[in-house]
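Novice: Before anything else, here's the structure in question.
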Amino acid sequence: MTRPFAAPDPFCRGCDADAESGKLVSVETALRRGLELAGPVAGAERLPLGKAHWRMLAEAVRAERSLPLFDNSAMDGYAIRISDLAGSGPWRLPVSGRVAAGDAGSEPVPAGAALRIFTGAPVPPGCDAVIIQEMTRPAGNMVWLDQRPEPGENIRHAGEDLVAGAQIMPAGKRIGPRAAALLASTGCGEVIVRRRVRVAFFSTGSELCAPGTPLAPGQIWNSNRYHLQGSLAQPWVETIDMRAVPDRPDRPDRLRGALELAFRAADLVVTTGGVSVGDEDHMPAVLCVAGGTVHVMKVALKPGKPLIIGQIGRALYIGLPGNPVSAFVTWNVLGARIAEALAGLADAAPPRILVLAGFDRLRRPERCDSLPVRLGGCDEHGARVAQIATTEVSHRVALLAQADGLLLIPSETSRIQCCDMPEFLPFPNA
């Protein structure tokens, strides 16, 4: 028997404290503070619908016309007047013509006759039912009907889907394929969308090298830059890639200069590395020297405890950990939600689902765990089963690349058992 965790939200509990105290705050608190700062960016533009895919609507859209535009046939068959079917049947009616989708269909059908009609074709004036062709017996230019239809049967009436003037899409809606189809079906050829969010990002660290270049002793290749490049490759984002910035202690001006340049150009600045409390973690001090404010520092999340959410002027700052797995987790759990809120997305909640734990594990109840897992098959009730390959994940980039998403374990949970049903946050395009 499956049993979900008692906590409705795995991030609703944990060590809570103010940023200034240096103590951990819950993920829920960190996200709430970030979203409170992330008002939608100002500015909008009018775009043809074909160029607005995945952009955020800046204004609500209302239907200019009712849908369907006219009464039309839901099936292939024969349009008739029910009043022409006298007695108990069967009935034989002459076929007076045919009408297909795209025809005007404005000519009335002669009294006592039927009209051959096809799906989507306009129902002629006076006809009040369509009999599907499987329920008829054609005979030359005549058709036999064995059953009397109900009024309105197999007719899609004008306005039954949408009434002219009704709101069909609110502001903040992302224009995905279904939304685009709805807009097109109402004749909406242009939409007003919010301008793109400008996001500047760079990695900090003198040890970082570009992939494909030789490494000197003590150096590593910069993977965080490419993680952020991919995560920010969204139609509603304009990226400013500032690559890697060395953090040599004899040149503290380089980090400050890069941060100030980023804040002048962007709505959101994202960095990786240097956000913890070690001697080589310079970003908290650099942010403050540059005139910034820290709203969150250190989150009750594993992996991903070192995290800064701050602000300089109107621009927001997210300082992710330098560890690649921690950076990926904190961006997907927190950073992406804040970026979506800046873009004006009405609902920036992650798409969490319940899955079945396919493993047993003891844990220390202190921080919320975000475990990279793969989804296997389904149990007898149709629930997907989550499997984890190892107990230590903060350094396992290869494991992260193989995962389908994150298993979200509440901070107070001391044991995960098979058949528990924790929440699962799927990776985008997993």
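Here's the yes/no breakdown for (1) modelled with pLDDT under 95; (2) surrounded by 13 or more Cβ atoms within 10 Å (Cβ to Cβ); (3) more than 14 Å from Phe70 (Cβ to Cβ):
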| site | (1), (2), (3) |
| --- | --- |
| Ser106 | yes, no, no |
| Arg116 | no, yes, yes |
| Asp128 | no, yes, yes |
| Ile132 | no, yes, yes |
| Met142 | no, yes, yes |
| Glu150 | no, no, yes |
| Ile155 | no, yes, no |
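Novice: Looking at this structure, is Leu301 in contact (Cβ under 8 Å) with a residue 12 or more places away in the chain and within 28 Å of Arg174 (Cβ to Cβ)?
Specialist: Yes; evaluated as a whole, the condition is true for this residue.
Novice: Six or more apart or on different chains, Cβ under 8 Å: which pairs go from a residue in region 109-134 that's in a loop (DSSP other than H, G, I, E, B) to one that's among the basic types (Lys, Arg)? Could you list them?
Specialist: Val109/Arg81; Ala111/Arg81; Phe118/Arg98; Gly126/Arg81; Cys127/Arg81; Asp128/Arg81
Novice: Continuing with this model, one more query. Restricting attention to region 174-191, does a residue exist that is within 20 Å of Ala315 (Cβ to Cβ) and either assigned by TED's automatic domain parsing to the domain that holds Pro252 or among the hydroxyl-bearing types (Ser, Thr, Tyr) (or both)?
Specialist: No, the conditions are met nowhere in region 174-191.
Novice: Taking the conditions exactly as written (within 52 Å of the chain's Cα centre (by Cα), under 18 Å from Ile117 (Cβ atoms), surrounded by fewer than 15 Cβ atoms within 10 Å (Cβ to Cβ) and not small (Gly, Ala, Ser)), does Arg98 satisfy them or not?
Specialist: When the stated conditions are applied, Arg98 passes them.
Novice: Are there any pairs, at least 6 apart or on different chains, whose C-beta atoms fall under 6 Å, with the first in region 82-108 and in the same structural domain as Met142 (by TED's automatic domain parsing) and the second charged (D, E, K, R), and if so, which?
Specialist: Taking only residues 6 or more apart or on different chains, the pairs are Ile82/Asp128; Leu85/Arg148; Pro90/Asp146; Val95/Arg116; Arg98/Arg116.
Novice: Quick one: Pro351 ticks every box in (1) modelled with pLDDT under 95; (2) within 26 Å of Gly43 (Cα to Cα) bar one, so which box is it?
Specialist: Evaluating Pro351 over (1) modelled with pLDDT under 95; (2) within 26 Å of Gly43 (Cα to Cα) leaves (2) as the failure.
Novice: Is it true that Gly313 is buried (at least 24 other Cβ atoms within 10 Å of the Cβ) and at positive phi?
Specialist: no
Novice: Evaluate the following for Gly187: is it at pLDDT 95 or above and loosely packed, with under 15 Cβ neighbours inside 10 Å?
Specialist: Criteria not met by Gly187.
Novice: Quick check, is Gly310 modelled with pLDDT under 90 and either in a loop (DSSP other than H, G, I, E, B) or in contact with a helix residue (DSSP H, G or I) (Cβ under 8 Å, 6 or more places away or on another chain) (or both)?
Specialist: no
Novice: Please indicate, with yes or no, whether at least one residue in region 214-221 is buried (at least 19 other Cβ atoms within 10 Å of the Cβ) and either touching a Cys at 6+ places or on another chain (Cβ under 9 Å) or not small (Gly, Ala, Ser) (or both).
Specialist: Checking region 214-221: not a single residue is buried (at least 19 other Cβ atoms within 10 Å of the Cβ) and either touching a Cys at 6+ places or on another chain (Cβ under 9 Å) or not small (Gly, Ala, Ser) (or both).
Novice: Scan the strands (runs of 3 or more DSSP E) fully inside region 320-430 and keep the ones with 2 or more residues being surrounded by fewer than 16 Cβ atoms within 10 Å (Cβ to Cβ) and at negative phi.
Specialist: 368-378
Novice: For the condition touching a Gly at 6+ places or on another chain (Cβ under 8 Å) and over 30 Å from Ala86 (Cα atoms), what is the one hit in Arg148, Arg198, Arg194, Arg174?
Specialist: Just one listed residue meets the conditions, Arg194.
Novice: Scan region 251-295 for residues that are part of a loop (DSSP other than H, G, I, E, B), over 30 Å from the mean Cα position of the chain (by Cα) and of a type in the set (Val, Ile, Thr) and jot them down.
Specialist: Val277
The values are calculated or read from the model by the stated rules, or taken from the named source; none is laboratory data. Predicted model only: the values in this text are computed from it and were never measured. So basically every Cβ, Gly included, is an ideal-geometry build from the backbone, and we count neighbours across all protein chains shown.
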